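Everything below concerns the one structure shown next.
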Amino acid sequence: MNRIPAFLLSLLAVASIAAPASSAAQGFPPTPPPPGPIQPAKFPPYQEATLPNGMRLVLVASHEHPVVSVSLSLPAGSKYEPAGKEGLATMTAALLTKGAGNRSAEDFARTIEGVGGQINAAAGSDFITVFADVLAPDAPLAFDMLADAVVRPTFPDKEVELQRTQQLSALQLQLSQPAALASRFFEQGLYGTGAYGRFSTPASVRSITRQDLVAFQKARFRPGGALLVIAGDITMDRARSLATKSFAGWSGARPAAQTFPAPPARNHTEILLVHRPGSVQSNIVAGNTTFLPTDPRWYPAVVANQVLGGGADARLFLILREQKSWTYGAYSDLDRPQGIGYFQASTEVRTPVTDSALAEMLHQLRRIRSEAVPDSELAAAKNSLVGQFPLTIETANQVAGAVSNALLLGLPRDYLTMYRTRLAGVTAQQLRNAASFVVRPDSMLIVVVGDGSKIYDGLAKIAPVRIIDVEGKPLTPDDLVAKGSTLSIDAAALTARTDSFTIMVQGQAFGYQTGVLSKTADGYQYEQHTEIGPMLQQKSTVTFTEAPALQHIAASGTLQGQQLSVDITVTGGHAKGTASVPGPQGPHSVETDTDVPPGTMNDDVLRAIIPALPWSAGAKWSFPSLDESKGTVQQLTISVDTTESVTLPDGAVNAYRASVTGGEQPITLWVSVAAPHELLKVTIAGAPITFVRAKK
């Protein structure tokens with residue numbers, strides 16, 4: 001028999017696809033059938049037990065897959081941190097798996113990874129949760145390791161310091177990101193000093209000691225307040241036996257209840273403007289507190305939120321992005337902690353349309369309260385929510401998390417099984433009633449992070465505006481305009497010199513930077529040459545007066561293959577010139593044509609004059625700085641934070657650690673305490689790059 005060639009089979013297959021039989025011939029209906037009635041979620045029943053030490057155990061057994069997920073939650077979230085120790089819960093959670101029982105951090109990771117499992121811990125506002133996922137035969141190991149992490153953490157000094165460094169780095173990055181700043185100030189404004197209004201700072205993280213960690217774990221980690229949820233391929237007898245054995249010897253009653261201040265009352269809308277000079281966009285967050293997690297208005301509130309800002313088919317997204325082209329996205333959300341939650345709507349928009357976008361957002365928030373939602377829109381929102389829910393409880397890990405969350409929030413036992421049915425039953429009137437309480441645009445806190453000099457006047461027409469800087473310090477409208485320099489330098493310290501730095505990327509030498517300072521007829525010149533592997537090659541030259549004040553900047557080079565250049569001159573209090581700046585779509589030109597205050601500098605001038613500044617503990621200076629990549633002037637501040645030892649290639653040096661804020665990203669400098677005050681080290685928030693003085 002002759003075989004049909006493979007290429008001919010392919011052609012036949014294509015032909016059959018290109019010319020399908022008609023639907024009528026096949027007997028297919030021309031329209032899809034209507035959806036069937038919503039059924040309660042198929043969810044295994046809970047099995048509960050109380051261990052001899054008082055720990056509550058809940059099992060959701062499922063034998064479809066040979067996996068087990070174990071989740072242990074304790075009332076040890078950030079709201080329980082002592083004043084001045086904010087960040088303690090996060091650091092505690094991170095260290096639970098970095099040494100516990102007889103295992104080091106490396107042993108812990110090696111053991112769980114050796115069986116293809118995982119174990120992690122995370123801190124929220126209300127709870128610390130430790131969870132482990134393994135194959136069913138390895139369940140005993142999961143219980144033992146989880147018990148070690150919770151009951152017998154060792155908090156090794158080396159791991160404590162490593163975690164502190166990582167937390168400070170993450171915090172520095174967070175404080176440089178406008179979206180994170182908006183969220184942070186929004187929650188602080190809503191809750192004040194209450195349970196959910198406190199956040200870690202560099203000072204609070206640095207103050208945390210190993211003794212603080214040990215004391216916090218001892219006080220908050222007790223079986224009497226613990227919830228152990230197990231999901232997967234395991235029986236109740238086996239789960240109880242493993243838990244009893246692993247947690248043997250752990251004792252203690254539930255920690256004493258604590259009371260927290262109620263959220264501040266708000267009877268009018270207020271705008272908190274976080275001035276971030278030079279920002280080309282504004283981040284907007286608007287919202288208010290809502291209710292406790294058990295409030296029956298939760299279901300219609302969830303549907304209202306879906307209609308308003310729950311996704312790319314919701315009103316905020318369709319209007320602010322699709323119709324107005326003001327943003328890449330606009331959303332709303334409901335937060336549901338153990339205490340009073342909140343509603344928020346948020347977006348990021350171009351600076352020139354900040355006030356227009358906020359006005360439109362408030363209009364849509366009023367609409368959801370005052371107008372009945374059309375049946376088609378209501379049905380689409382409910383169908384989306386109902387359809388998404390099963391995807392959130394597919395795995396044992398998801399089931400354990402969902403059950404834990406429901407129990408910790410005090411929700412009814414049938415909450416998960418009836419969730420879809422209750423959402424599907426929400427009426428348009430119930431939605432409107434809930435929205436009238438949950439969305440209160442006439443008594444909201446609105447946080448806007450952006451360049452106040454460009455958006456203040458427009459915002460002030462919408463609601464009263466209070467202004468702060470990115471560190472939370474109060475400002476006035478006059479402060480939005482860059483002021484002249486407060487720097488006073490010792491010209492005798494500006495002698496000819498060469499600076500040399502090794503550029504470290506994630507701890508490895510990856511490039512270098514050199515700087516040469518020389519005297520000119522009417523001031524100084526500083527030439528820099530920077531190379532970071534194949535990514536960046538740049539040469540720059542600045543000239544400046546003894547004031548100091550920028551006269552001229554010229555630069556050229558490449559960044560990831562894109563050409564960059566700068567040529568700007570400052571004369572008579574005016575800066576004029578051009579820059580070619582790399583971007584995601586290729587280089588683009590930036591024109592600079594702006595008045596500048598007296599004493600305006602830039603980053604390169606700051607590097608050059610560091611030895612001439614009057615360094616001392618607590619010193620602080622402000623000065624205007626030209627950002628050539630935007631053609632704008634921003635007010636920078638140098639603050640000496642503390643004194644500490646810095647390790648360099650040729651030994652340890654006692655140094656001032658100083659922060660430079662007000663720019664796109666915070667910068668940290670280390671400068672030698674002893675004269676001449678040499679720049680020793682530089683880090684940039686959010687960048688894995690460190691400049692370290694090269695060995696002399």
*asked:* Taking the full set of protein chains and a 1.4 angstrom probe, give the accessible area of residue 630 in square angstrom, rounded to the nearest 10.
replied: 50
*Working from Cα positions, state the angle (0 to 90°, nearest 10) between the long axis of helix 178-191 and the longest principal axis of the chain.*
70
*Report the GluC sites (Glu not before Pro) located in region 326-400 that are in a DSSP loop and have at most 13 other Cβ atoms inside 10 Å of their Cβ, or state none.*
371, 394
_Out-of-range pairs (alpha-carbon distance over 24 Å; input 42/245; 539/681; 158/620; 539/630; 620/695; 324/483)_ = 42/245; 158/620; 620/695; 324/483
_Per residue, how much accessible surface does region 32-134 expose to a 1.4 Å probe? Answer in Å², no decimals._
44
*Of the heavy-atom accessible surface of the chain (probe 1.4 angstrom), what whole percent is carbon and sulfur?*
55
*residue 79: which lysines have alpha carbons under 23 Å from its alpha carbon, excluding same-chain residues fewer than 8 sequence positions away?*
218
*asked:* Let me cross-check residue 79: its accessible surface, 1.4 Å probe, with only protein heavy atoms counted, in Å² to the nearest 10?
replied: 20
*asked:* What distance in nm separates the two pseudo spin-label positions at residue 665 and residue 578, each 7 Å out from Cα along the beta-carbon direction?
replied: 2.8
_Accessible surface of residue 419 - all protein chains present, 1.4 Å probe, nearest 10 Å²_ = 30
*To the nearest 500 deg cm²/dmol, what mean residue ellipticity at 222 nm is calculated for the chain from DSSP H runs of n ≥ 4 alone, each contributing -39,500 (n - 2.57), summed and divided by the residues?*
-9000 deg cm²/dmol
*Charge context of residue 653, other residues only, Cβ under 14 angstrom, K/R +1, D/E -1*: +2
_Nearest-0.05 FRET efficiency for residue 31 and residue 619, computed from C-beta distance (R0 51 Å)_ = 0.10
*0 to 90° range, to nearest 10: angle between helix 298-309 axis and the chain longest Cα axis*: 50
*Just subtract the alpha-carbon distance of residue 50 and residue 161 from 0.36 nm times their residue separation and send over the number in nm, one decimal.*
36.2 nm
*For residue 367 and residue 560, compute 0.36 nm times the residue count separating them, minus their Cα-Cα distance, and round to one decimal in nm.*
64.7 nm
*Expressed as an acute angle from 0 to 90° and rounded to the nearest 10, what is the orientation of the C-alpha long axis of helix 105-114 relative to the principal long axis of the chain?*
40
*asked:* Heavy atoms only, 1.4 Å probe, whole protein assembly: order 462, 368 by accessible area, highest first.
replied: 462, 368
*Grab the Cα-Cα distance for residue 433 and residue 169, subtract it from 0.36 nm times how many residues apart they are, and report the gain in nm with one decimal.*
90.6 nm
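The values are calculated or read from the model by the stated rules, or taken from the named source; none is laboratory data. Computed from a predicted model, the values in this text were never measured in an experiment. Virtual Cβ from ideal backbone geometry, glycine too; neighbours counted across all protein chains shown. Protein only, heavy atoms only, side chains kept; ligands, DNA and RNA dropped before computing areas. Shrake-Rupley method; radii C 1.70, N 1.55, O 1.52, S 1.80 Å.
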